[in-house]
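Trainee: Quick one: the structure is below, questions incoming.
The values are calculated or read from the model by the stated rules, or taken from the named source; none is laboratory data. Here the structure is a predicted model, which is why all the values come from computation and not from measurement. Every residue, glycine as well, gets a Cβ built from its backbone with ideal geometry; the counts of neighbours run over all protein chains shown. All accessible areas refer to the heavy atoms of the entire protein, side chains included, with ligands and DNA or RNA removed. Shrake-Rupley method; radii C 1.70, N 1.55, O 1.52, S 1.80 Å.
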Amino acid sequence: MQYSADGQSDGTATVQFPQPGFLASVFRDLGADQGPEPEGAAGRPAPGRPGAGPAGDDQSAPGGPSDPNSADPNSADPNSAAPNPTEPNPDDPAIAAHARAAALTHHRTLTVQAEHDRLADLLRRAALPVSAMDFESQLRHYEPRPYPGDGPGADEGSEPRWEDFAPAEPAAADPEGGASRRLLDSGYQRELAQARLTHQRALREWRTRRAEAGSPAADESRRAHEAAEEARARAVREYNDSLEECRRAYRLAEPAAVESLLERALAAAETATQDLSAPCRAVFRPLTRTAVLDLDLPPLDLVPSLTGYRLAPDGDIVPVPRPPADRATDYLRLVARLALRSLQAADAVDTDEILAGVVLNGWLREPGAVEPLCLLSVDADRDALARTRLLPPETPYEDRDDEGVYADAEQDEALVRLRQLGAAVTPDPYARTVVRPAAQAGATVPAAPDLSANEFAQLVRDLLTRGGLAEWSVRLRGPAGLVATGEGSPGSALPGRWVVWASRDSASVGVEQIETLAEAVREESADRGLRLTTGRFADEALDLTAEESHRHIHLIDGDGVRELARTHLGLPLAAGR
(Lines give C-alpha, C1' and ligand atoms only; values in the text may rest on other atoms or scores of the structure.)
Protein backbone atom coordinates (compact mmCIF):
# COMPACT_ATOMS: atom_id res chain seq x y z
CA MET A 1 0.00 0.00 0.00
CA GLN A 2 1.35 3.37 -0.99
CA TYR A 3 0.94 6.36 1.33
CA SER A 4 1.07 10.06 0.59
CA ALA A 5 3.07 12.62 2.50
CA ASP A 6 0.23 13.22 4.92
CA GLY A 7 0.14 9.53 5.90
CA GLN A 8 -3.14 8.68 3.99
CA SER A 9 -3.44 5.85 1.52
CA ASP A 10 -3.36 6.85 -2.12
CA GLY A 11 -5.35 3.78 -3.26
CA THR A 12 -2.49 1.88 -4.86
CA ALA A 13 -0.80 -1.22 -3.47
CA THR A 14 2.51 -2.93 -4.03
CA VAL A 15 2.36 -6.70 -3.53
CA GLN A 16 5.49 -8.84 -3.18
CA PHE A 17 5.06 -12.58 -3.36
CA PRO A 18 7.41 -14.90 -1.49
CA GLN A 19 9.17 -17.76 -3.11
CA PRO A 20 7.01 -20.78 -3.90
CA GLY A 21 6.63 -23.01 -0.89
CA PHE A 22 7.62 -20.31 1.60
CA LEU A 23 4.43 -20.47 3.64
CA ALA A 24 4.58 -24.22 3.61
CA SER A 25 8.11 -24.15 5.03
CA VAL A 26 7.07 -21.65 7.72
CA PHE A 27 4.15 -23.82 8.78
CA ARG A 28 6.39 -26.85 8.74
CA ASP A 29 8.89 -25.13 11.03
CA LEU A 30 6.13 -24.09 13.39
CA GLY A 31 4.87 -27.67 13.59
CA ALA A 32 1.47 -27.02 12.05
CA ASP A 33 -0.32 -29.61 10.03
CA GLN A 34 0.29 -29.02 6.37
CA GLY A 35 -2.97 -29.27 4.43
CA PRO A 36 -3.51 -29.20 0.70
CA GLU A 37 -2.02 -26.31 -1.10
CA PRO A 38 -4.57 -23.58 -1.80
CA GLU A 39 -5.60 -22.71 -5.29
CA GLY A 40 -3.18 -20.58 -7.21
CA ALA A 41 0.44 -19.90 -6.60
CA ALA A 42 1.74 -19.51 -3.08
CA GLY A 43 1.09 -16.05 -1.80
CA ARG A 44 -1.48 -15.29 -4.61
CA PRO A 45 -5.21 -15.29 -3.96
CA ALA A 46 -7.21 -17.83 -5.85
CA PRO A 47 -9.54 -16.67 -8.60
CA GLY A 48 -13.08 -16.02 -7.56
CA ARG A 49 -12.13 -15.02 -4.03
CA PRO A 50 -12.29 -11.48 -2.68
CA GLY A 51 -9.26 -9.44 -3.65
CA ALA A 52 -8.30 -11.74 -6.47
CA GLY A 53 -8.08 -8.97 -9.09
CA PRO A 54 -4.95 -7.60 -10.66
CA ALA A 55 -2.28 -5.77 -8.79
CA GLY A 56 -4.17 -2.55 -9.01
CA ASP A 57 -7.30 -4.00 -7.38
CA ASP A 58 -8.16 -2.97 -3.83
CA GLN A 59 -6.23 -5.38 -1.58
CA SER A 60 -7.88 -3.99 1.54
CA ALA A 61 -11.29 -5.40 0.79
CA PRO A 62 -12.87 -7.65 3.39
CA GLY A 63 -11.03 -10.91 3.45
CA GLY A 64 -8.00 -9.49 1.73
CA PRO A 65 -4.43 -9.61 2.97
CA SER A 66 -4.70 -6.29 4.77
CA ASP A 67 -7.98 -7.05 6.54
CA PRO A 68 -7.22 -7.67 10.24
CA ASN A 69 -10.45 -9.67 10.57
CA SER A 70 -9.53 -11.94 7.75
CA ALA A 71 -9.61 -15.63 8.62
CA ASP A 72 -7.42 -16.77 5.80
CA PRO A 73 -5.67 -19.93 7.01
CA ASN A 74 -2.74 -19.21 4.76
CA SER A 75 -1.93 -15.92 6.47
CA ALA A 76 1.75 -15.70 7.40
CA ASP A 77 1.19 -13.65 10.59
CA PRO A 78 3.73 -15.05 13.12
CA ASN A 79 1.49 -14.10 16.04
CA SER A 80 -1.17 -16.49 14.85
CA ALA A 81 1.21 -19.41 14.34
CA ALA A 82 0.08 -22.77 15.75
CA PRO A 83 1.83 -24.07 18.92
CA ASN A 84 4.77 -26.39 18.71
CA PRO A 85 3.88 -29.86 19.99
CA THR A 86 7.36 -30.14 21.55
CA GLU A 87 6.62 -27.20 23.90
CA PRO A 88 4.18 -27.33 26.92
CA ASN A 89 0.66 -26.44 26.04
CA PRO A 90 -0.95 -24.44 28.87
CA ASP A 91 -4.38 -25.62 27.78
CA ASP A 92 -3.45 -29.24 28.40
CA PRO A 93 -5.31 -30.48 31.56
CA ALA A 94 -2.29 -32.49 32.73
CA ILE A 95 -0.01 -29.47 32.45
CA ALA A 96 -2.52 -27.27 34.28
CA ALA A 97 -2.79 -29.82 37.10
CA HIS A 98 1.00 -29.97 37.37
CA ALA A 99 1.18 -26.15 37.57
CA ARG A 100 -1.43 -26.09 40.33
CA ALA A 101 0.48 -28.75 42.26
CA ALA A 102 3.72 -26.78 41.91
CA ALA A 103 2.06 -23.61 43.19
CA LEU A 104 0.57 -25.49 46.14
CA THR A 105 3.98 -27.01 46.93
CA HIS A 106 5.54 -23.55 46.94
CA HIS A 107 2.78 -22.18 49.18
CA ARG A 108 3.18 -25.00 51.72
CA THR A 109 6.94 -24.55 51.74
CA LEU A 110 6.50 -20.85 52.49
CA THR A 111 4.22 -21.79 55.40
CA VAL A 112 6.91 -24.07 56.83
CA GLN A 113 9.49 -21.32 56.36
CA ALA A 114 7.26 -18.94 58.33
CA GLU A 115 7.23 -21.47 61.18
CA HIS A 116 11.03 -21.57 61.14
CA ASP A 117 11.16 -17.77 61.18
CA ARG A 118 8.81 -17.65 64.17
CA LEU A 119 10.99 -20.14 66.05
CA ALA A 120 14.09 -18.05 65.31
CA ASP A 121 12.28 -14.95 66.57
CA LEU A 122 11.23 -16.76 69.76
CA LEU A 123 14.82 -17.85 70.34
CA ARG A 124 15.95 -14.25 70.02
CA ARG A 125 13.26 -12.78 72.29
CA ALA A 126 13.58 -15.52 74.91
CA ALA A 127 17.23 -14.51 75.41
CA LEU A 128 16.49 -10.83 76.05
CA PRO A 129 17.62 -9.69 79.53
CA VAL A 130 14.93 -9.08 82.11
CA SER A 131 14.63 -6.10 84.42
CA ALA A 132 14.72 -6.62 88.17
CA MET A 133 11.23 -6.41 89.71
CA ASP A 134 12.45 -5.47 93.18
CA PHE A 135 10.51 -3.41 95.69
CA GLU A 136 12.01 -0.10 94.62
CA SER A 137 10.84 -0.54 91.04
CA GLN A 138 7.30 -1.29 92.19
CA LEU A 139 6.80 1.87 94.25
CA ARG A 140 4.14 4.26 92.95
CA HIS A 141 4.25 8.04 92.98
CA TYR A 142 1.36 10.48 93.25
CA GLU A 143 1.26 13.65 91.18
CA PRO A 144 -1.80 15.88 91.73
CA ARG A 145 -3.81 16.92 88.70
CA PRO A 146 -5.02 20.57 88.61
CA TYR A 147 -8.70 21.41 88.50
CA PRO A 148 -9.77 22.04 84.85
CA GLY A 149 -11.32 25.37 85.80
CA ASP A 150 -7.99 26.58 87.16
CA GLY A 151 -6.34 26.76 83.78
CA PRO A 152 -4.65 29.79 82.20
CA GLY A 153 -6.80 32.89 82.59
CA ALA A 154 -8.98 31.28 85.25
CA ASP A 155 -7.52 33.31 88.12
CA GLU A 156 -10.23 35.62 89.47
CA GLY A 157 -7.85 38.31 90.73
CA SER A 158 -9.03 41.90 90.85
CA GLU A 159 -11.40 43.74 88.53
CA PRO A 160 -9.80 44.70 85.17
CA ARG A 161 -8.76 48.36 85.27
CA TRP A 162 -8.98 50.77 82.39
CA GLU A 163 -5.44 51.93 83.05
CA ASP A 164 -4.19 48.49 81.99
CA PHE A 165 -5.89 48.80 78.61
CA ALA A 166 -5.62 52.50 77.73
CA PRO A 167 -3.27 53.18 74.79
CA ALA A 168 -0.36 55.51 75.12
CA GLU A 169 -1.08 59.05 73.99
CA PRO A 170 0.73 60.17 70.83
CA ALA A 171 3.65 62.51 71.15
CA ALA A 172 2.69 66.08 70.38
CA ALA A 173 4.38 67.68 67.41
CA ASP A 174 4.15 71.09 69.15
CA PRO A 175 5.12 70.77 72.84
CA GLU A 176 3.24 73.98 73.53
CA GLY A 177 0.03 72.64 71.87
CA GLY A 178 -2.93 71.67 74.04
CA ALA A 179 -4.44 68.25 74.67
CA SER A 180 -7.24 68.98 72.21
CA ARG A 181 -4.73 68.72 69.36
CA ARG A 182 -3.84 65.10 70.37
CA LEU A 183 -7.49 64.11 70.67
CA LEU A 184 -7.96 65.04 67.01
CA ASP A 185 -5.36 62.37 65.98
CA SER A 186 -7.34 59.74 64.00
CA GLY A 187 -4.92 56.88 64.72
CA TYR A 188 -5.05 57.54 68.41
CA GLN A 189 -8.84 57.63 68.33
CA ARG A 190 -8.96 54.18 66.68
CA GLU A 191 -6.61 52.68 69.28
CA LEU A 192 -8.67 54.25 72.03
CA ALA A 193 -11.91 52.76 70.72
CA GLN A 194 -10.31 49.30 70.39
CA ALA A 195 -8.92 49.50 73.92
CA ARG A 196 -12.36 50.38 75.33
CA LEU A 197 -13.89 47.36 73.59
CA THR A 198 -11.14 45.08 74.96
CA HIS A 199 -11.58 46.46 78.45
CA GLN A 200 -15.34 45.97 78.35
CA ARG A 201 -14.92 42.39 77.13
CA ALA A 202 -12.39 41.55 79.88
CA LEU A 203 -14.65 43.16 82.47
CA ARG A 204 -17.62 41.16 81.28
CA GLU A 205 -15.67 37.86 81.36
CA TRP A 206 -14.35 38.62 84.83
CA ARG A 207 -17.85 39.25 86.15
CA THR A 208 -19.11 36.05 84.47
CA ARG A 209 -16.35 33.97 86.09
CA ARG A 210 -17.14 35.42 89.46
CA ALA A 211 -20.78 34.60 89.03
CA GLU A 212 -20.02 31.03 87.89
CA ALA A 213 -17.48 30.47 90.67
CA GLY A 214 -20.11 31.13 93.22
CA SER A 215 -22.69 28.81 91.58
CA PRO A 216 -23.59 25.48 93.24
CA ALA A 217 -22.62 23.50 90.11
CA ALA A 218 -19.09 24.90 90.05
CA ASP A 219 -18.63 24.29 93.75
CA GLU A 220 -19.84 20.70 93.36
CA SER A 221 -17.48 20.11 90.43
CA ARG A 222 -14.51 21.39 92.41
CA ARG A 223 -15.43 19.29 95.43
CA ALA A 224 -15.73 16.19 93.21
CA HIS A 225 -12.31 16.86 91.70
CA GLU A 226 -10.71 17.31 95.11
CA ALA A 227 -12.36 14.12 96.39
CA ALA A 228 -11.07 12.17 93.39
CA GLU A 229 -7.55 13.51 93.91
CA GLU A 230 -7.67 12.63 97.57
CA ALA A 231 -8.77 9.09 96.65
CA ARG A 232 -5.87 8.76 94.19
CA ALA A 233 -3.38 9.94 96.78
CA ARG A 234 -4.82 7.57 99.36
CA ALA A 235 -4.67 4.61 96.95
CA VAL A 236 -1.01 5.29 96.15
CA ARG A 237 -0.21 5.71 99.84
CA GLU A 238 -2.00 2.48 100.78
CA TYR A 239 -0.28 0.58 97.97
CA ASN A 240 3.17 1.77 99.04
CA ASP A 241 2.36 0.92 102.65
CA SER A 242 1.32 -2.58 101.65
CA LEU A 243 4.45 -2.90 99.54
CA GLU A 244 6.56 -1.86 102.52
CA GLU A 245 4.76 -4.44 104.63
CA CYS A 246 5.54 -7.06 101.98
CA ARG A 247 9.17 -6.01 102.07
CA ARG A 248 9.31 -6.50 105.83
CA ALA A 249 7.67 -9.90 105.45
CA TYR A 250 10.07 -10.78 102.66
CA ARG A 251 13.07 -9.89 104.79
CA LEU A 252 11.65 -12.19 107.47
CA ALA A 253 11.50 -14.96 104.82
CA GLU A 254 7.76 -15.42 105.08
CA PRO A 255 6.71 -17.81 102.28
CA ALA A 256 3.74 -15.76 101.02
CA ALA A 257 5.81 -12.58 100.64
CA VAL A 258 8.73 -14.33 98.95
CA GLU A 259 6.46 -16.23 96.57
CA SER A 260 4.54 -13.07 95.67
CA LEU A 261 7.73 -11.21 94.80
CA LEU A 262 9.12 -14.11 92.77
CA GLU A 263 5.95 -14.61 90.76
CA ARG A 264 5.79 -10.90 89.93
CA ALA A 265 9.34 -11.07 88.65
CA LEU A 266 8.63 -14.23 86.66
CA ALA A 267 5.51 -12.70 85.11
CA ALA A 268 7.45 -9.57 84.14
CA ALA A 269 10.11 -11.73 82.48
CA GLU A 270 7.46 -13.23 80.16
CA THR A 271 6.57 -9.90 78.54
CA ALA A 272 9.09 -10.41 75.72
CA THR A 273 7.33 -13.64 74.66
CA GLN A 274 3.70 -13.03 75.48
CA ASP A 275 2.67 -15.06 72.43
CA LEU A 276 4.38 -18.11 73.93
CA SER A 277 2.60 -19.68 76.88
CA ALA A 278 5.28 -20.67 79.41
CA PRO A 279 4.08 -19.68 82.91
CA CYS A 280 6.30 -20.28 85.91
CA ARG A 281 5.11 -20.76 89.49
CA ALA A 282 7.18 -20.39 92.67
CA VAL A 283 7.12 -22.16 96.02
CA PHE A 284 9.42 -21.03 98.81
CA ARG A 285 10.68 -23.39 101.51
CA PRO A 286 11.87 -21.43 104.54
CA LEU A 287 13.47 -24.54 106.02
CA THR A 288 16.21 -24.46 103.38
CA ARG A 289 15.58 -20.91 102.07
CA THR A 290 15.14 -22.37 98.59
CA ALA A 291 12.69 -21.40 95.86
CA VAL A 292 11.29 -24.23 93.77
CA LEU A 293 10.13 -23.02 90.35
CA ASP A 294 7.78 -25.06 88.16
CA LEU A 295 8.10 -23.95 84.52
CA ASP A 296 5.49 -25.07 82.00
CA LEU A 297 7.32 -25.92 78.80
CA PRO A 298 5.90 -25.04 75.36
CA PRO A 299 4.26 -27.79 73.30
CA LEU A 300 6.46 -30.04 71.22
CA ASP A 301 4.78 -29.14 67.94
CA LEU A 302 6.04 -25.57 68.28
CA VAL A 303 9.24 -26.66 66.54
CA PRO A 304 8.70 -27.36 62.82
CA SER A 305 9.00 -31.01 61.86
CA LEU A 306 9.52 -30.31 58.15
CA THR A 307 12.00 -28.41 56.04
CA GLY A 308 9.44 -27.90 53.28
CA TYR A 309 7.66 -29.77 50.50
CA ARG A 310 8.72 -31.09 47.11
CA LEU A 311 6.84 -32.13 44.01
CA ALA A 312 7.35 -35.77 43.06
CA PRO A 313 7.63 -36.82 39.40
CA ASP A 314 4.19 -38.41 39.56
CA GLY A 315 2.68 -35.08 40.69
CA ASP A 316 2.27 -35.86 44.39
CA ILE A 317 3.22 -33.23 47.00
CA VAL A 318 5.71 -34.93 49.32
CA PRO A 319 6.72 -33.44 52.73
CA VAL A 320 10.43 -33.25 53.47
CA PRO A 321 10.94 -34.12 57.16
CA ARG A 322 13.72 -32.72 59.28
CA PRO A 323 16.16 -35.03 61.04
CA PRO A 324 14.73 -35.91 64.48
CA ALA A 325 17.98 -34.90 66.18
CA ASP A 326 17.79 -31.38 64.71
CA ARG A 327 14.21 -30.94 65.82
CA ALA A 328 15.01 -32.13 69.35
CA THR A 329 17.99 -29.78 69.50
CA ASP A 330 15.88 -26.78 68.50
CA TYR A 331 13.29 -27.56 71.16
CA LEU A 332 15.95 -27.91 73.85
CA ARG A 333 17.54 -24.62 72.78
CA LEU A 334 14.24 -22.82 73.32
CA VAL A 335 13.62 -24.60 76.63
CA ALA A 336 17.11 -23.73 77.85
CA ARG A 337 16.55 -20.02 77.17
CA LEU A 338 13.23 -20.04 79.00
CA ALA A 339 14.85 -21.78 81.98
CA LEU A 340 17.78 -19.34 82.08
CA ARG A 341 15.39 -16.41 81.87
CA SER A 342 13.41 -17.66 84.88
CA LEU A 343 16.58 -18.26 86.87
CA GLN A 344 17.82 -14.78 86.05
CA ALA A 345 14.50 -13.21 87.09
CA ALA A 346 14.57 -15.01 90.45
CA ASP A 347 18.20 -14.11 91.05
CA ALA A 348 17.79 -10.44 90.06
CA VAL A 349 14.78 -9.82 92.30
CA ASP A 350 16.45 -11.26 95.42
CA THR A 351 18.32 -8.08 96.33
CA ASP A 352 18.23 -8.87 100.06
CA GLU A 353 19.75 -12.35 99.49
CA ILE A 354 16.98 -14.27 101.16
CA LEU A 355 17.33 -17.22 98.80
CA ALA A 356 20.05 -19.76 99.43
CA GLY A 357 19.30 -21.56 96.18
CA VAL A 358 16.85 -22.08 93.34
CA VAL A 359 15.45 -25.33 91.97
CA LEU A 360 13.76 -25.18 88.55
CA ASN A 361 11.79 -28.03 87.03
CA GLY A 362 10.54 -27.88 83.45
CA TRP A 363 7.25 -29.74 82.97
CA LEU A 364 5.63 -30.76 79.70
CA ARG A 365 1.87 -30.86 80.17
CA GLU A 366 0.20 -32.58 77.24
CA PRO A 367 -3.57 -32.75 76.75
CA GLY A 368 -4.92 -36.08 77.86
CA ALA A 369 -1.78 -37.06 79.78
CA VAL A 370 -2.26 -38.35 83.31
CA GLU A 371 0.83 -36.67 84.73
CA PRO A 372 3.21 -34.02 83.37
CA LEU A 373 6.64 -35.03 82.15
CA CYS A 374 9.79 -33.50 83.67
CA LEU A 375 12.19 -32.73 80.81
CA LEU A 376 14.52 -30.34 82.64
CA SER A 377 15.69 -29.88 86.22
CA VAL A 378 18.22 -27.44 87.68
CA ASP A 379 19.48 -27.35 91.25
CA ALA A 380 21.64 -24.25 91.74
CA ASP A 381 22.75 -22.55 94.92
CA ARG A 382 23.31 -18.81 95.21
CA ASP A 383 27.06 -19.06 94.65
CA ALA A 384 26.57 -20.99 91.41
CA LEU A 385 24.04 -18.43 90.15
CA ALA A 386 26.41 -15.60 90.99
CA ARG A 387 29.28 -17.26 89.10
CA THR A 388 27.25 -18.00 85.99
CA ARG A 389 26.13 -15.48 83.41
CA LEU A 390 22.63 -16.72 82.88
CA LEU A 391 22.08 -15.32 79.38
CA PRO A 392 24.38 -15.33 76.36
CA PRO A 393 26.29 -12.07 76.08
CA GLU A 394 25.50 -11.68 72.37
CA THR A 395 22.83 -12.91 70.00
CA PRO A 396 21.26 -16.28 70.85
CA TYR A 397 22.23 -17.68 67.49
CA GLU A 398 24.48 -16.92 64.58
CA ASP A 399 23.41 -16.83 60.96
CA ARG A 400 26.06 -18.99 59.41
CA ASP A 401 25.90 -20.45 55.93
CA ASP A 402 26.46 -24.01 57.04
CA GLU A 403 23.97 -24.11 59.91
CA GLY A 404 21.53 -21.24 59.42
CA VAL A 405 19.87 -20.23 62.65
CA TYR A 406 20.25 -23.70 64.16
CA ALA A 407 23.27 -24.90 66.05
CA ASP A 408 24.38 -28.17 67.51
CA ALA A 409 23.23 -28.87 71.05
CA GLU A 410 26.78 -29.24 72.29
CA GLN A 411 27.66 -25.77 70.98
CA ASP A 412 24.51 -23.94 72.08
CA GLU A 413 25.36 -21.30 74.66
CA ALA A 414 22.22 -21.68 76.76
CA LEU A 415 22.48 -25.46 77.03
CA VAL A 416 26.16 -25.22 77.90
CA ARG A 417 25.42 -22.84 80.76
CA LEU A 418 22.63 -25.01 82.06
CA ARG A 419 24.98 -27.98 82.17
CA GLN A 420 27.50 -25.83 84.02
CA LEU A 421 24.82 -25.47 86.70
CA GLY A 422 24.52 -29.26 86.87
CA ALA A 423 21.17 -29.35 85.08
CA ALA A 424 19.57 -32.62 84.05
CA VAL A 425 18.18 -32.27 80.51
CA THR A 426 16.27 -34.89 78.56
CA PRO A 427 18.26 -36.27 75.61
CA ASP A 428 15.15 -36.65 73.44
CA PRO A 429 11.99 -34.71 74.28
CA TYR A 430 10.03 -36.23 71.38
CA ALA A 431 10.63 -39.70 72.77
CA ARG A 432 9.20 -38.41 76.09
CA THR A 433 12.41 -39.30 77.92
CA VAL A 434 12.01 -37.83 81.40
CA VAL A 435 14.52 -36.78 84.01
CA ARG A 436 14.20 -36.97 87.76
CA PRO A 437 13.19 -33.66 89.35
CA ALA A 438 15.84 -32.28 91.66
CA ALA A 439 13.14 -31.42 94.21
CA GLN A 440 9.39 -31.60 94.59
CA ALA A 441 7.39 -28.52 95.54
CA GLY A 442 4.11 -30.17 96.40
CA ALA A 443 4.36 -30.62 100.15
CA THR A 444 3.94 -27.61 102.44
CA VAL A 445 6.23 -29.20 105.03
CA PRO A 446 8.92 -31.07 103.11
CA ALA A 447 10.46 -34.35 104.05
CA ALA A 448 14.07 -35.27 103.42
CA PRO A 449 13.28 -37.09 100.11
CA ASP A 450 11.55 -33.92 98.85
CA LEU A 451 14.72 -31.86 99.19
CA SER A 452 17.26 -31.39 96.44
CA ALA A 453 20.92 -32.20 96.91
CA ASN A 454 21.75 -28.54 97.53
CA GLU A 455 18.82 -28.19 99.91
CA PHE A 456 19.91 -31.17 101.97
CA ALA A 457 23.48 -29.88 102.10
CA GLN A 458 22.20 -26.46 103.17
CA LEU A 459 20.01 -28.02 105.86
CA VAL A 460 22.89 -30.04 107.33
CA ARG A 461 25.16 -27.02 107.30
CA ASP A 462 22.59 -24.80 109.01
CA LEU A 463 21.93 -27.40 111.70
CA LEU A 464 25.57 -27.99 112.53
CA THR A 465 26.83 -24.41 112.26
CA ARG A 466 24.09 -23.25 114.61
CA GLY A 467 25.15 -26.05 116.90
CA GLY A 468 28.66 -24.56 117.06
CA LEU A 469 30.50 -26.17 114.14
CA ALA A 470 32.22 -23.40 112.15
CA GLU A 471 34.64 -23.34 109.21
CA TRP A 472 32.40 -25.62 107.20
CA SER A 473 34.03 -27.23 104.13
CA VAL A 474 32.27 -29.70 101.83
CA ARG A 475 34.60 -32.37 100.44
CA LEU A 476 32.15 -34.59 98.54
CA ARG A 477 28.53 -34.05 97.61
CA GLY A 478 26.04 -36.12 95.67
CA PRO A 479 22.31 -36.69 95.35
CA ALA A 480 22.27 -38.96 98.41
CA GLY A 481 24.40 -36.94 100.79
CA LEU A 482 27.72 -35.26 101.51
CA VAL A 483 31.02 -35.51 103.33
CA ALA A 484 32.36 -32.35 104.99
CA THR A 485 34.72 -31.15 107.64
CA GLY A 486 34.23 -28.50 110.27
CA GLU A 487 35.85 -27.16 113.39
CA GLY A 488 34.17 -25.91 116.54
CA SER A 489 35.58 -23.57 119.13
CA PRO A 490 36.58 -25.05 122.51
CA GLY A 491 33.61 -23.54 124.30
CA SER A 492 30.98 -24.63 121.78
CA ALA A 493 28.73 -27.66 121.84
CA LEU A 494 30.84 -29.30 119.12
CA PRO A 495 34.48 -28.54 120.02
CA GLY A 496 37.44 -29.76 117.96
CA ARG A 497 37.78 -30.88 114.36
CA TRP A 498 34.98 -33.03 112.92
CA VAL A 499 34.38 -35.21 109.88
CA VAL A 500 30.70 -35.24 108.99
CA TRP A 501 29.03 -37.87 106.82
CA ALA A 502 25.37 -37.04 106.17
CA SER A 503 22.99 -39.03 103.99
CA ARG A 504 19.28 -39.26 103.35
CA ASP A 505 18.01 -42.74 102.77
CA SER A 506 15.53 -45.17 104.21
CA ALA A 507 18.00 -48.06 104.53
CA SER A 508 19.60 -48.64 107.89
CA VAL A 509 23.24 -47.71 108.39
CA GLY A 510 25.42 -50.72 109.12
CA VAL A 511 28.81 -51.40 110.69
CA GLU A 512 30.71 -50.97 107.43
CA GLN A 513 29.84 -47.30 107.15
CA ILE A 514 30.83 -46.67 110.77
CA GLU A 515 34.21 -48.25 110.11
CA THR A 516 34.65 -46.14 106.97
CA LEU A 517 33.90 -42.96 108.91
CA ALA A 518 36.38 -43.91 111.63
CA GLU A 519 39.06 -44.38 108.98
CA ALA A 520 38.27 -40.96 107.45
CA VAL A 521 38.63 -39.36 110.89
CA ARG A 522 42.11 -40.82 111.22
CA GLU A 523 43.11 -39.69 107.72
CA GLU A 524 41.92 -36.13 108.36
CA SER A 525 43.58 -36.02 111.80
CA ALA A 526 40.21 -35.03 113.19
CA ASP A 527 39.00 -35.37 116.75
CA ARG A 528 35.51 -36.75 116.14
CA GLY A 529 33.24 -38.07 113.45
CA LEU A 530 29.53 -37.53 112.97
CA ARG A 531 27.31 -39.94 111.03
CA LEU A 532 23.97 -38.30 110.22
CA THR A 533 21.14 -40.04 108.41
CA THR A 534 17.46 -39.37 107.85
CA GLY A 535 16.82 -43.10 108.31
CA ARG A 536 17.91 -45.33 111.18
CA PHE A 537 20.98 -47.24 112.41
CA ALA A 538 21.32 -50.96 112.65
CA ASP A 539 21.72 -52.46 116.11
CA GLU A 540 25.23 -53.62 115.24
CA ALA A 541 26.25 -50.04 114.43
CA LEU A 542 24.84 -48.78 117.72
CA ASP A 543 26.74 -51.48 119.59
CA LEU A 544 29.98 -50.60 117.77
CA THR A 545 29.84 -46.92 118.74
CA ALA A 546 29.34 -47.95 122.35
CA GLU A 547 32.80 -49.55 122.37
CA GLU A 548 35.78 -47.58 123.58
CA SER A 549 37.51 -47.62 120.17
CA HIS A 550 34.57 -45.93 118.43
CA ARG A 551 33.26 -43.59 121.08
CA HIS A 552 34.56 -40.63 119.09
CA ILE A 553 31.95 -41.48 116.42
CA HIS A 554 28.58 -39.83 117.08
CA LEU A 555 25.28 -40.83 115.47
CA ILE A 556 22.16 -38.80 114.56
CA ASP A 557 19.17 -40.60 113.01
CA GLY A 558 16.03 -39.24 111.32
CA ASP A 559 14.28 -38.40 114.57
CA GLY A 560 17.35 -36.51 115.73
CA VAL A 561 17.49 -34.53 112.47
CA ARG A 562 13.87 -33.47 112.85
CA GLU A 563 14.46 -32.49 116.47
CA LEU A 564 17.50 -30.41 115.52
CA ALA A 565 15.48 -28.64 112.81
CA ARG A 566 12.80 -27.76 115.32
CA THR A 567 15.33 -26.64 117.93
CA HIS A 568 17.84 -24.67 115.87
CA LEU A 569 15.73 -23.53 112.92
CA GLY A 570 12.30 -23.37 114.49
CA LEU A 571 10.84 -25.12 111.43
CA PRO A 572 9.41 -28.61 111.02
CA LEU A 573 10.76 -31.37 108.82
CA ALA A 574 8.34 -34.11 107.89
CA ALA A 575 9.20 -37.76 108.41
CA GLY A 576 10.62 -39.56 105.41
CA ARG A 577 8.28 -41.45 103.12
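Trainee: Along the Cα→Cβ direction, 7 angstrom out, place labels at Ser305 and Val483. What is the inter-label distance in nm?
Mentor: Distance between the two pseudo-spin positions: 5.0 nm.
Trainee: Order these peptides, 450-457, 335-342, 324-331, by their mean beta-carbon neighbour count within 10 angstrom, highest first. Show your work: numbers first, answer last.
Mentor: Working: 450-457: 24.0, 335-342: 27.0, 324-331: 18.8.
Final packing ranking: 335-342, 450-457, 324-331.
Trainee: How large is ³J(HN,Hα), in whole Hz, for each residue of the stretch 249-262 in order, when computed from phi with the Karplus curve 6.51 cos²θ - 1.76 cosθ + 1.60 and θ = phi - 60°, using x for Gly and Pro?
Mentor: In residue order, the calculated couplings are 5, 5, 5, 8, 6, 6, x, 4, 5, 5, 5, 4, 5, 5 Hz.
Trainee: According to a simple spin-label model (label point 7 Å from Cα along Cα-to-Cβ), what is the distance in nm between Ala168 and Val318?
Mentor: 9.7 nm
Trainee: Between Arg436 and Arg108, take the C-beta separation as r, use R0 = 25 Å, and let me know the FRET efficiency to the nearest 0.05. Please report the intermediate quantities before stating the final value.
Mentor: Numbers: r = 41 Å, r/R0 = 1.63.
Plugging the Cβ-Cβ distance into 1/(1 + (r/R0)^6) gives 0.05.
Trainee: How much accessible area does Asp543 have with a 1.4 Å probe, in Å² rounded to the nearest 10?
Mentor: Near enough 100 Å² of accessible area.
Trainee: Mind ordering 238-245, 257-264, 502-509, 375-382 by average Cβ neighbours within 10 Å, highest first? Could you put the intermediate results ahead of the total?
Mentor: Values: 238-245: 12.2, 257-264: 20.9, 502-509: 18.1, 375-382: 24.0.
In descending order of packing, they fall as 375-382, 257-264, 502-509, 238-245.
Trainee: So for each of 524-532, 268-276 I average, over its residues, the number of other beta carbons within 10 Å; can you give me the resulting order with the highest mean first?
Mentor: Sorting 524-532, 268-276 by mean packing, highest first, produces 524-532, 268-276.
Trainee: Between Asp241 and Glu563, with labels modelled 7 Å along Cα→Cβ, what's the label distance in nm to one decimal, could you check?
Mentor: That separation, rounded to one decimal, is 4.7 nm.
Trainee: Okay, moving on. First select every other residue whose beta carbon is under 14 angstrom from the beta carbon of Glu540; then total the charges, Lys and Arg +1, Asp and Glu -1. Can you show the working numbers first?
Mentor: Values: positive: Arg531, Arg536; negative: Glu512, Glu515, Asp539, Asp543, Glu547.
Summing Lys and Arg as +1 and Asp and Glu as -1 gives -3.
Trainee: Taking only protein heavy atoms into account and a 1.4 Å probe, give the accessible area per residue of the stretch 234-292 in Å². Walk me through the intermediate numbers first.
Mentor: Working: 2830 Å² over 59 residues.
Normalised by residue count, the accessible surface of the stretch 234-292 is 48 Å².
Trainee: Follow-up. Diagonalise the Cα gyration tensor of the stretch 461-538 and give the resulting equivalent ellipsoid semi-axes, square root of 5 times each eigenvalue, largest first, whole Å. Each step should come with its number before you reach the end.
Mentor: Details: eigenvalues 84, 40, 26 Å².
Largest first, the stretch 461-538 gives 21, 14, 12 Å.
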